[in-house]
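K.L.:
If you scroll down you'll find the structure; I have some questions about it.
The values are calculated or read from the model by the stated rules, or taken from the named source; none is laboratory data. No experiment lies behind these values; they were computed from the predicted model shown. Methodologically, a virtual Cβ is constructed for each residue, glycine included, from the backbone with ideal geometry; neighbour enumeration extends over all protein chains shown.
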Amino acid sequence: MAFIDIILLAALAAFLGYRLWLVLGTHSKDRPIRKRRTTEDDVVIPIRPRATSQKKETIVEKEEEEATAPQTDSLFLQGATAAFRQIVQAYADGNAQTLKKLLDGPLLETFEDAIAKRKKSKKTLEVDIARIVSAEVIDKDEEKGEATITVRFVSEQCLVTRDTKGKVVAGDPDRYAEVIDIWTFARPLKSSNPNWKLVATQIPEAS
């Protein structure tokens, strides 16, 4: 039994020695130590993983764009909310000059006509916006070289109309009501002017 064990150990040692020689070679001229073919053999970049890396970059760019969109909407809504207050106040004051800067198209004419009729009837409009409850972008579009963004405003307002004697003919000066406005702002895509103008208003559908 001991003789068989010696044979098995010798065979195992010979096998391991042979494998080691295949890996390392020898220092002789006939069997030089193996060397890397190029310095790139240690850092192999297969084609498929590289394509995957490019795909990941595309996904990251897309995620960055999606993350930027809400930020862009937020900045736009800040300006739109400020414009909302200015337009409502300018309409109540009958300030046509301010409206011309903030409105465009047929809507401007509609506002001007309404102001003219109110002045003709010698009535005054008082408005107080207590707060903007919410402002959200509900639609975006690009057509015929023009970009449009539609915003839904929810605000708490007090609207009062008085006659020449100051008597209230419409509204309640002690009551604030929730008002929903849907406004569409527009600007030419090729315009160097970054300002948007109000071009349309609509009454929300009853739920």
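K.L.:
Condition first: touching a residue at least 24 places away in the same chain (Cβ under 8 Å) and of a type in the set (A, V, I, L, M, F, W, C). Can you find one or more residues in segment 171-179 that meet it?
P.N.:
Within segment 171-179, one or more residues are touching a residue at least 24 places away in the same chain (Cβ under 8 Å) and of a type in the set (A, V, I, L, M, F, W, C).
K.L.:
Residue 174: exposed (fewer than 12 other Cβ atoms within 10 Å of the Cβ) and modelled with pLDDT of 95 or more, yes or no?
P.N.:
no
K.L.:
Still on this model: Select from segment 110-162 the residues that are within 17 Å of the chain's Cα centre (by Cα) and in contact (Cβ under 8 Å) with a residue 60 or more places away in the chain and write down the one among them that is surrounded by the most Cβ atoms within 10 Å (Cβ to Cβ).
P.N.:
151
K.L.:
Next question, about the same structure. Listed residues 179, 160, 168, 137; which is among the β-branched types (Val, Ile, Thr) and farther than 23 Å from residue 95 by Cα?
P.N.:
137
K.L.:
Related question: Out of segment 180-207, which residues are in a strand (DSSP E or B) and touching a residue at least 60 places away in the same chain (Cβ under 8 Å)?
P.N.:
Answer for segment 180-207, where residues must be in a strand (DSSP E or B) and touching a residue at least 60 places away in the same chain (Cβ under 8 Å): 181, 183, 185, 186, 197, 198, 199, 200, 201.
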